[in-house]
Amino acid sequence: MHISDGVLSVTISVATYALTLAGTALSVKKVRDESLPKIAVVTSAFFVASLIHLPLGPTSVHLLMPGIVGALLGPAAFLSITVGLFLQSILFQFGGLTALGANAIMMGVPALTCGFLFKWIRGSSRMSNTLAGALVGGLGTIFAAVLLAVFLFTSGEDFLGVAKFALVAHIPVVIIEAAVSAFTISFIYRVKPEMLDWKNF
Amino acid sequence: MPVPGKIIHVSGFLTVGILLLVILLSVQGFISFKRRSKNKNKAETPDWSIPTLDAYADSTSFFHNWDPAAKIGSLFPYCFLIISLKSPFWCAIALIVSIFSIFFSNIAWQRGLRRLAAMSGFLLMFLLIVPFSSPARQGETVLIFPLLQSLPFHLSGFLLALTIVLKAFAIALMIEPMLGTSSLPLTLQGFSRLGLPQAIIQMILLTHRYIFVFQQEIIRMYLSMRVRGFTARTDLATMRTMGNFLGMLFISSFDRTQKVYEAMLCRGYHGIYPTFALPQTRIRDLAKSGLWILLGILLLVLDRVVPVLPL
């Protein structure tokens, strides 16, 4: 779920914008200059992957992928997610322009956390990598949903009901996200395992 | 405990009417969804189209003739002034300003409608949940529906949700005149002149260029899956296939990064793209910006001084 304009209080909108700009600046500093065009190309792939909807009973869900982005990009994940969300906002109106800061933190912070968690627990066997993929896929989505609920609740007590609903609505997404992330990481581990080492950037 | 000022018991007749309307709308939505998925099957691939932001950049209008840096520098803060509004009435006025802006920017109104449709699900959640879940306030009006005595409908909650919808619509519609009336490189150059680092601008440009490449790639990959008999379902097999599909997409994107970077180096890339057009901010542009900021401030002052329908 992307937060649209008008939901968050001005204080939260401005504060999250400032934090996102700082996070992005830090992310740019952390990666090599020549890596920026490469991260841009990979960001396009993540952007396109988020267009894919998976059927869920009578409806469908699209993947959020903070776990996979973190596992593949590491410290560059925040930058990639901010750029991707900016484009999603201006092209599709998925997420408001004034809520871009909050949306970037909602996805970027779980991605960074999951990236480091993945590196720490992934081990060296295919099974352990697959399980780590499932874990960061699920956890990344849970973390993003919790941050969404926190942003909504801190914007006003009227939004407590919506915050609770948003949390519950994410439960099926968590399961799908964990399963697809596990299969994606397992596939990458078999075909091109060096991609999981963050050496490209 | 806060005591409501006015309790309105909604008659059973009216409730049935509202329910019928909701059912009718849902049935219509379901039918159009079914019709769309039928077309989807015919087309073999789902709708993965990506709108072109600057499709109308070559036209001419009040917004087209406005220097991008001055335009973004005033319309972007204007959006923040809009989210500061509190009264539904002034939010509705802001929405009318946005509708007129789209009209005067010579951009097809369908583009605006598509933006509104994209966030309708998220906003509907607020319209349906907030009136029933917002906390009770002293002296507010409460509606009680038959069979829902324990779940009062708070009018203040409804007005709050309505305010959010109006603000979200007003800002979403402003995106078209703000970012769709100059070509994307010029718009991004405007951001750069406002202080956004070149590294980020280059990344946005390159990402934007490559999403269309990968869009073609996923359509091609998905078609080859379809000819092998793949149908997406809610099961583990679909998730495995989609997991492999995404894995392949990411691997090909990583492989492509090096080739793209080397090709860029061969063409003389050294960190920035050369730009040929260097628009300058003229007095006229600054006057437009000043007027727009004044309009935003006026809306904010009126919102605070004459709060029509306050929450």
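Of note:
- Yes/no for B:ARG226 being more than 10 Å from chain A (Cβ to nearest Cβ), closer than 15 Å to B:THR45 by Cβ and free of Cβ contacts under 8 Å to residues at least 12 places away in the same chain: no
- Only residues that are under 15 Å from the mean Cα position of the chain (by Cα) and either facing chain B (nearest Cβ under 9 Å) or more than 16 Å from A:PHE46 (Cβ to Cβ) (or both) were counted in region A:93-104, giving 5.
- When residues of region B:233-256 are limited to those that are open to solvent by 60 Å² or more (accessible area, probe 1.4 Å) and of a type outside the set (A, V, I, L, M), the one farthest from the other protein chains (Cβ to nearest Cβ): B:ASP255
- Residue satisfying all of: in region B:257-278; among the polar types (S, T, N, Q) and within 31 Å of the chain's Cα centre (by Cα); surrounded by the most Cβ atoms within 10 Å (Cβ to Cβ) among these: B:THR257
- Taking first residues from region B:111-132 that are within 25 Å of B:LEU143 (Cβ to Cβ) and partners that are modelled with pLDDT under 90 and open to solvent by 40 Å² or more (accessible area, probe 1.4 Å), the Cβ contacts under 8 Å between residues at least 6 apart in sequence or on separate chains come to B:PHE122/A:MET1; B:PRO131/B:LEU155; B:PHE132/B:LEU151.
- Reported count of residues in region A:25-49, each being closer than 22 Å to A:ILE176 by Cα and more than 7 Å from chain B (Cβ to nearest Cβ), is 1.
- Meeting the requirement of 2 or more residues that are facing another protein chain (nearest Cβ under 9 Å), the helices (runs of 4 or more DSSP H) wholly within region B:74-166 are B:109-118, B:120-133.
- Condition met for B:PHE63 (surrounded by 13 or more Cβ atoms within 10 Å (Cβ to Cβ) and part of a loop (DSSP other than H, G, I, E, B)): yes
- Flag if B:THR281 is more than 7 Å from chain A (Cβ to nearest Cβ), over 30 Å from B:SER87 (Cα atoms) and surrounded by 17 or more Cβ atoms within 10 Å (Cβ to Cβ): yes
- Hey, B:ALA57 more than 18 Å from the chain's Cα centre (by Cα) and not in a helix (DSSP H, G or I) or not: yes
- Of everything in region A:1-24 that is of a type outside the set (Phe, Trp, Tyr), facing another protein chain (nearest Cβ under 10 Å) and within 18 Å of the chain's Cα centre (by Cα), the residue that is most open to solvent (accessible area, probe 1.4 Å) is A:LEU21.
- Considering the conditions (1) facing another protein chain (nearest Cβ under 8 Å); (2) in contact (Cβ under 8 Å) with a residue 12 or more places away in the chain; (3) within 25 Å of A:SER181 (Cβ to Cβ); (4) open to solvent by less than 50 Å² (accessible area, probe 1.4 Å), B:HIS208 is excluded by exactly one of them, (3).
Every residue, every condition in (1) facing chain B (nearest Cβ under 7 Å); (2) of a type in the set (Phe, Trp, Tyr); (3) within 23 Å of A:TYR189 (Cβ to Cβ), yes or no:
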| site | (1), (2), (3) |
| --- | --- |
| A:LEU51 | yes, no, no |
| A:THR59 | no, no, no |
| A:MET65 | no, no, yes |
| A:ILE68 | no, no, yes |
| A:LEU72 | yes, no, yes |
| A:ILE81 | no, no, yes |
| A:LEU91 | yes, no, no |
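- Residue among A:ASP33, A:ASP5 that is touching a Ser or Thr at 6+ places or on another chain (Cβ under 6 Å), over 13 Å from A:ALA104 (Cβ atoms) and outside any helix (DSSP H, G or I): A:ASP5
- Considering (1) surrounded by 11 or more Cβ atoms within 10 Å (Cβ to Cβ); (2) at pLDDT 90 or above, the lone condition that B:HIS9 does not fulfil carries the number (2).
Table: residues versus (1) outside any helix (DSSP H, G or I); (2) within 10 Å of chain B (Cβ to nearest Cβ).
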residue: A:SER124; (1), (2): yes, no
residue: A:GLY138; (1), (2): no, no
residue: A:PHE151; (1), (2): no, no
residue: A:VAL162; (1), (2): no, yes
residue: A:PRO172; (1), (2): no, yes
residue: A:ILE175; (1), (2): no, yes
residue: A:SER181; (1), (2): no, yes
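- B:GLY247 vs. criteria assigned to a helix (DSSP H, G or I), touching a Ser or Thr at 6+ places or on another chain (Cβ under 8 Å), modelled with pLDDT of 85 or more and under 30 Å from A:ILE185 (Cα atoms): yes
- Flag for A:ILE142 being in contact (Cβ under 8 Å) with a residue 24 or more places away in the chain and open to solvent by 40 Å² or more (accessible area, probe 1.4 Å): yes
- For region B:211-232, filtered to residues that are under 17 Å from B:ARG256 (Cα atoms) and open to solvent by 30 Å² or more (accessible area, probe 1.4 Å), the residue that is nearest to the chain's Cα centre (by Cα) is B:PHE212.
- In region B:167-197, residue farthest from A:VAL28 (Cα to Cα) [restricted to those that are assigned to a loop (DSSP other than H, G, I, E, B), within 12 Å of chain A (Cβ to nearest Cβ) and not hydrophobic (A, V, I, L, M, F, W, C)]: B:GLY180
- Residues within region A:148-185 that are in contact with a Gly (Cβ under 7 Å, 6 or more places away or on another chain) and open to solvent by less than 10 Å² (accessible area, probe 1.4 Å), tallied: 5
The values are calculated or read from the model by the stated rules, or taken from the named source; none is laboratory data. The shown structure was predicted, so the numbers you read here are calculated from the model rather than taken from an experiment. For neighbour counting, all protein chains shown are included, and Cβ atoms are generated from backbone atoms with ideal geometry for every residue, glycine included. Quick note on the areas: whole protein, heavy atoms, side chains included, nothing else; ligands and nucleic acids left out. Shrake-Rupley method; radii C 1.70, N 1.55, O 1.52, S 1.80 Å.
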